[in-house]
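Read-outs: derived from the displayed coordinates by stated rules, not from any lab. Note that the structure is a prediction, hence the values are computed from the model and not measured. Neighbour counts are summed over all protein chains in view; Cβ atoms, including those assigned to glycine, are modelled from backbone coordinates with ideal geometry.
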Amino acid sequence: MLTSFLALHWAVVFALLAYICMDGNRGIASALGVLGVSVQSSRFPGLEHPVVVAPLSVALLTVALLFCWAFVETLLNIATRPDAGDAVVRIAFISASFLLSVILIGGAAQGINGLFMVVAIQMTALLASYVAVLAERRSTLAAMTLHEADARLTAHRMATGAAHSSLLSRISSRPETRPGGRR
């Protein structure tokens, strides 16, 4: 359940950043402002250029779609397979981390101040989310493994009891008693 919530959260975050970034006037400056970096677009005229805005918007939207896919995958298949969507979740978190790194490198190349701390906080939040997802997956898998082991142990005990009963009835030359008291 936590995995689907976190996937939905990050899908919404990256989708909103992509939407804000697509604004023609102050797209990237507004998106960075939402993250916590105050950037004046007049100081950085290259941030408004479509060659910069379009790839960043597409990259943000792609990461949002990956998280959306992870959300749907975990929501639909969690009952049948607890490991459903592991690959998609992993790819989404890796893509988000890579995109934030590219934003940091691009911002440093442009000379944007304060970007390192904001990206570090976002990367820490992504890492904490990923660790929480892994912990949930492992606890779910451990619970299922324990349940399967209990079922096997019960079946083994029932089979051992039936074999023991059958052996005793043969040794004593009495007819076997079937379940329900019948012979």
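Please work out the FRET efficiency for the pair R138 and L65, using the Cβ-Cβ distance as r and a Förster radius of 25 Å; give the result to the nearest 0.05.
0.40
Can you compute the modelled spin-label distance between N77 and S172, with each label point 7 Å from Cα toward Cβ, in nm?
5.4 nm
Can you give the FRET efficiency for V102 and Y19, using 1/(1 + (r/R0)^6), R0 = 22 Å, r = Cβ-Cβ distance, to the nearest 0.05?
It comes to 0.70.
State the extension gain, in nm to one decimal, for the chain segment bounded by I94 and F116, taking 0.36 nm per residue of separation less the distance between their alpha-carbons.
That works out to 6.1 nm of additional length.
Based on the Kirkwood radius over alpha-carbon pairs, what value in µm²/s does the Stokes-Einstein equation return for the translational diffusion coefficient of the stretch 50-143 at 37 °C and 0.692 mPa s?
The diffusion coefficient I find is 223 µm²/s.
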